[in-house]
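See structure below.
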Amino acid sequence: MSDENQEAPADRYRAPALDKGLDILEVLADQARGLTRAEIVKAMGLSPSQIYRMLERLVARGYVTRIEGGDRYALTMRLYLLATRHPPLRRLVAQAQPLMDDFARDLRQSCHLVVPEQGTGIVVAQASPTGHWEFRARIGGQVGLFTTGSGLALLAFQKPERILQTLGLWGVSSAERQLRAVAAHLATVREQGARVEPSGQLVGVTDLSVPVFGPGDEAIAVLTCAYIEHPEVQRDESREHALAALKRLSAELSGSDAAI
C-alpha cells in the first residue's frame, strides 16, 4: 500500500484556512477576557500574517469581537446561538413544558425555565396556573445573572474553580468583583441545593430556584417558581411543598436525555 493510501483520513482532506479559523475560535474559547492579536499569535505558534486576515474575517462574520478599545479579541455569542438551534435545547423545552404545566396546575403557581445566553439568562419556557392570579415571566425575557434568583442559581451550580471560564463562554468578562460580592451566597445556595429568597423585583413574591444539571454536573438551566402566597393555605407548608415538587421536576429533567 502506498504512503498516500496510508495517510490518516483526518490529514487526507486538508483545509489550512479553515483549520486556522477553528484554531482561533478554540484558543479564544478558553479565555474569559479575550486575547490580544500578539497573544493569539503566540498561542498558535504562527506568524501575524498567517492569522491576520482570518481573524478579521471572524470579526466581520460576528464570531469574534474587539473589546477594550479594539486591542483585544473575544468570542461573541454567535456560536452559542447557533448551538441553541440544535435539537438538545428544543428537546429540553419539549420535555420540560408538560411537566411545568402539571406543576403550575397542581401547585397553583407559575414557573419558568431559564438558560444562559448573551451574558444574561433567558426565559425559554413558562407555565401558568389555571386560576385568576399569577406572576408570569415572558418567554424570551432576559434576567440578570447577578441580580435575579434564576441568575444566581445558575451561577451557584457551576464548578467554582472554572466559573470565570464558564462566564466567558456565556459572554461575561471581568466578573471577578461581582463574583466576590456573591461568593458566600452562592456557597450557601450550593449547600442547600436550591435558592429560596424574597424576589428582588416584586414585593411579596418568593423565588424558588432549582438547577437542571447536564452531563458535567453543572447547571445547564434553572427552574424558578415565583411563589405567591395564597391566604387560605399555611405559608411554610405550602412553600415547602412547592419547593419539593420543583426539585422533583428538576431531577426528572436532569436525569433525562433532554439535559444533554
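Please treat every number below as a calculation from the coordinates, not as lab data. Since we're looking at a predicted model, the values are computed, not measured. FYI the Cβ positions are ideal-geometry reconstructions off the backbone, even for glycines, and counts take in every protein chain you see.
When only C-alpha pairs under 8 Å and at least 6 residues apart count, what is the relative contact order of the chain, in percent? Walk me through the numbers before you get to the answer.
On the way: 400 pairs, mean separation 42.7, N = 260.
Computed over the chain, the figure is 16 percent.
Straight-line reach from K20: which lysines have Cα under 25 Å away, leaving out those fewer than 8 places along the same chain?
In chain and number order, the partners are K42.
Kindly provide the pair-distance distribution of the chain built from C-alpha pairs, with 10 Å bins from 0 and whole-percent values in order of increasing distance.
7, 27, 28, 19, 12, 6, 2, 0, 0
How much net charge surrounds R162 when only the other residues with a Cβ under 11 Å from the Cβ of R162 are counted, with Lys and Arg +1 and Asp and Glu -1?
Details: positive: K159; negative: D30, E161, E218.
My count for the surroundings of R162 gives -2.
Grab the other residues whose beta carbon is less than 14 angstrom from that of V203, score K and R as +1, D and E as -1, and report the net. Please list the in-between numbers first.
Working: positive: none; negative: E197, D207, E229.
Spelling it out: positives minus negatives among the neighbours equals -3.
Given 0.36 nm per residue, what is the gain on full extension from T130 to R57 after removing their alpha carbon distance, in nm?
Details: separation 73, 0.36 × 73 = 26.28 nm, distance 5.12 nm.
Gain in length upon complete extension: 21.2 nm.
Which of L243, L155, L46 ends up with the largest GNM mean-square fluctuation for the chain, with Cα atoms connected below 10 Å?
Among L243, L155, L46, the largest GNM mean-square fluctuation belongs to L46.
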